[in-house]
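Contents: one structure, followed by commentary.
The values are calculated or read from the model by the stated rules, or taken from the named source; none is laboratory data. On a predicted model such as this, the values are computed, not experimentally measured, just so you know. Don't worry about glycine lacking a Cβ; one is built from the backbone with ideal geometry, like all the others, and counts go over all protein chains shown. Quick note on the areas: whole protein, heavy atoms, side chains included, nothing else; ligands and nucleic acids left out. Shrake-Rupley method; radii C 1.70, N 1.55, O 1.52, S 1.80 Å.
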Amino acid sequence: MKVIVLGGDGFCGWPCAVNLAEQNHDVIIVDNLSRRKIDIDLEVESLTPIASITERLSAWEEIGGKPMRFINMDISKQYQKLLNLLIDEKPDTVIHFAEQRAAPYSMKSSFTKRYTVDNNVNGTHNLLAAIVESNLDIHVVHLGTMGVYGYGSHRGATIPEGYLKVEVPQPDGSRFEEEILHPASPGSVYHMTKTLDQLLFLYYNKNDLVRITDLHQGIVWGTNTEATLKDPRLTNRFDYDGDYGTVLNRFLMQAAIGYPLSVHGTGGQTRAFIHIKDSVKCVQIALENPPKPGERVKIFNQMTESHQVGAN
Ligand SMILES: NC(=O)c1ccc[n+]([C@@H]2O[C@H](COP(=O)([O-])OP(=O)(O)OC[C@H]3O[C@@H](n4cnc5c(N)ncnc54)[C@H](O)[C@@H]3O)[C@@H](O)[C@H]2O)c1
């Protein structure tokens, strides 16, 4: 298949692109390299040294990988360029990772709040509008998050996959049963943008029959896949700073230097996790099993384990 990977230079996008190229798909990476610029602004860096995108791509080819192309584009701002790309390349699938994904960063200041909303919501909307304008039947696979359901409000109940059966009281006293999107409960500006993504998907699927798979994954942990371990220049990110470092990475670093683990709030938080190797496989399975024409947005909850930090 021909696949465009939006955000293909990022933590989830890079190993996913490499995996798809290894599976013999034709891969085009689109990224504006904003994540690398945020590292410079925050004066932090990945523990693993990250090669430039040009070096990564040539290393991949040198070890015999199927060549991938790279296009530098801001999908939240360069609508016409995105539309032209879809029309010229006619991809079967677009995988959408191109969002600002750190909850703490999204809450830092009014600048980071506005940036996160403008970037994420415009990026997703531009993609959907461009697919409709291109008149092409392109399957969108989006990496969503378990965080859209909210944390801590389910009291141990199993969270249904994306939809909830409800009974709507009718004027004649009867009850009409329907399935609605599971109520959203965002806990940060970042999570709010992911819940807005869900509404955009609902609308464009219903109105324009865009085929969409939304993967609600837990926190993605681990660094490399077998493919990104083949050459040090292919290595993936390991972030451990206060904004982009997820809880496991921060705990690992604190444990490694013998520093007490920093538990925020009162503790007791439970989070779902999925390893990067499983995350890229889930994306591949979604890509190879698109929804049928006219099918509603497919939503899957994907995690392999959950962990809880001790309460104080
Ligand atoms: N990392 C996780 O634990 C996790 C868990 C669940 C879902 N997700 C979702 O997966 C996606 C990717 O997350 P990640 O951890 O790889 O983040 P990341 O920041 O490492 O990667 C995102 C990539 O998208 C690019 N990008 C951002 N805005 C762009 C724009 N407007 N135009 C073009 N490129 C743009 C960035 O430069 C970066 O390379 C996000 O949507 C995130 O919500 C991540």
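Tabulated results
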{"read-out": "Residues of the range 57-87 that turn out to be more than 22 Å from ARG36 (Cα to Cα) and of a type in the set (Asp, Glu), as a count", "value": "2"}
{"read-out": "Candidates ASN207, ASN236, filtered to the one that is under 28 Å from TRP60 (Cα atoms) and either of a type outside the set (Gly, Ala, Ser) or modelled with pLDDT of 95 or more (or both)", "value": "ASN236"}
{"read-out": "Residue check for VAL3: at negative phi, near the ligand (Cβ under 8 Å from one of its atoms) and open to solvent by less than 30 Å² (accessible area, probe 1.4 Å)", "value": "no"}
{"read-out": "Enumeration of residues in the range 105-120 that are part of a helix (DSSP H, G or I) and open to solvent by 50 Å² or more (accessible area, probe 1.4 Å)", "value": "SER110, PHE111, LYS113, ARG114, TYR115, ASP118"}
{"read-out": "Wholly enclosed strands (runs of 3 or more DSSP E) of the range 208-308 bearing at least 2 residues on the phi > 0 side of the Ramachandran plot, among the basic types (Lys, Arg) and in contact (Cβ under 8 Å) with a residue 24 or more places away in the chain", "value": "none"}
{"read-out": "Entirely in the range 19-104, the strands (runs of 3 or more DSSP E) that have 2 or more residues that are buried (at least 21 other Cβ atoms within 10 Å of the Cβ)", "value": "26-31, 93-96"}
{"read-out": "Matching option when the condition is in contact with a strand residue (DSSP E or B) (Cβ under 9 Å, 6 or more places away or on another chain) and within 14 Å of the ligand (Cβ to nearest atom), among VAL141, VAL117, VAL121", "value": "VAL141"}
{"read-out": "Hits in the range 185-225 - residues which are near the ligand (Cβ under 10 Å from one of its atoms) and hydrophobic (A, V, I, L, M, F, W, C)", "value": "LEU215, ILE219, VAL220, TRP221"}
{"read-out": "Residue identified as closer than 30 Å to ASP41 by Cβ and either open to solvent by 20 Å² or more (accessible area, probe 1.4 Å) or of a type in the set (A, V, I, L, M, F, W, C) (or both) among VAL263, VAL297, VAL210", "value": "VAL263"}
{"read-out": "Qualifying position, being farther than 18 Å from TYR115 by Cβ, within 14 Å of the ligand (Cβ to nearest atom) and over 19 Å from the mean Cα position of the chain (by Cα), among ARG69, ARG56", "value": "ARG56"}
{"read-out": "From GLY152, GLY123, GLY173, residue being in contact (Cβ under 8 Å) with a residue 40 or more places away in the chain and open to solvent by 20 Å² or more (accessible area, probe 1.4 Å)", "value": "GLY152"}
{"read-out": "Only one of GLY8, GLY13 that is in contact with a Cys (Cβ under 9 Å, 6 or more places away or on another chain) and surrounded by 22 or more Cβ atoms within 10 Å (Cβ to Cβ)", "value": "GLY8"}
{"read-out": "Only one of VAL247, VAL189 that is aliphatic (A, V, I, L, M) and touching a Lys or Arg at 6+ places or on another chain (Cβ under 6 Å)", "value": "VAL189"}
{"read-out": "Checklist (1) at pLDDT below 95; (2) within 13 Å of the ligand (Cβ to nearest atom) applied to GLN100, failing item", "value": "(1)"}
{"read-out": "Residue within the range 18-29 that is within 12 Å of the ligand (Cβ to nearest atom), closer than 25 Å to GLU288 by Cα, in contact with a Phe, Trp or Tyr (Cβ under 8 Å, 6 or more places away or on another chain) and aliphatic (A, V, I, L, M) present", "value": "yes"}
{"read-out": "Residue count, the range 176-191 (criterion: touching a residue at least 40 places away in the same chain (Cβ under 8 Å) and not small (Gly, Ala, Ser))", "value": "3"}
{"read-out": "Of residues in the range 226-277 being among the polar types (S, T, N, Q) and away from the ligand (no atom under 16 Å from the Cβ), the one farthest from ALA103 (Cα to Cα)", "value": "GLN254"}
